[in-house]
1. Search the structure for amide H atoms under 5 Å from the amide H of residue 66, placed 1.01 Å from N in the peptide plane, and list their residues when 5 or more places away or on another chain.
2. Compute the acute angle (0 to 90°) between the alpha-carbon long axis of helix 3-13 and the principal axis of greatest extent of the alpha-carbon atoms of the chain; round to the nearest 10°.
3. When only Cα pairs under 8 Å and 6 or more residues apart are kept, what is the percent relative contact order across the range 3-77?
4. Once you put a point 7 Å from the Cα of residue 21 and another 7 Å from the Cα of residue 79, both along the Cβ direction, what distance in nm separates them?
5. Could you sort the peptides 65-78, 46-59 by per-residue average Cβ neighbour count (10 Å cutoff), highest mean leading?
6. What full-extension length gain, to one decimal in nm, is calculated for residue 56 and residue 28 as 0.36 nm per residue of separation minus the Cα-Cα distance?
7. Going by amide H atoms built from the backbone, whose H comes under 5 Å of the H on residue 24, apart from near neighbours?
8. Students often check this: by mean Cβ neighbours within 10 Å, which of 17-25, 33-41 ranks highest, and how do the rest follow?
Amino acid sequence: MTIQNLIDLCNEKGISLDTHIALRAKDDYLLTRDRAHLDTAYFGNCSAGTDWEKNNIPLDEDGDPDYENAPKLLILDTDRG
């Protein structure tokens with residue numbers, strides 16, 4: 001998939017080009033159209049992701065992260081870990 005293909009896919013699916021992107025992969029891979037989608041991300045091992053969560057996920061009435069209302073990210077995924 002090229003950058004232009006990714007932009008076209010976002011335009012087709014109504015995904016804003018201002019949407020944050022998260023990558024799911026352990027190795028190099030070639031991104032294919034079926035592996036790009038909107039979803040919530042789990043940043044268990046990513047310090048930059050944890051920082052993103054602190055700045056972008058709303059808090060519930062108890063002051064805890066409200067993951068159910070977290071913004072969606074464009075996930076680029078290999079489905080391999």
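Each reported figure results from applying straightforward, stated rules to the coordinates on display, with no laboratory input. Computed from a prediction, not measured in an experiment: that's the story for all the values here. Note that each Cβ is placed from the backbone with ideal geometry, even for glycine, and that neighbours are counted across all protein chains shown.
1. Sorted by chain and number, the residues that satisfy this are 59, 60.
2. 60
3. Relative contact order here is 43 percent.
4. 2.0
5. Details: 65-78: 14.9, 46-59: 11.9.
Answer by packing, highest mean first, reads 65-78, 46-59.
6. Working: separation 28, 0.36 × 28 = 10.08 nm, distance 2.79 nm.
Net length gain for the segment: 7.3 nm.
7. HN-HN under 5 Å from residue 24: 76, 77, 78.
8. Values: 17-25: 12.4, 33-41: 14.7.
Top to bottom by mean Cβ count within 10 Å: 33-41, 17-25.
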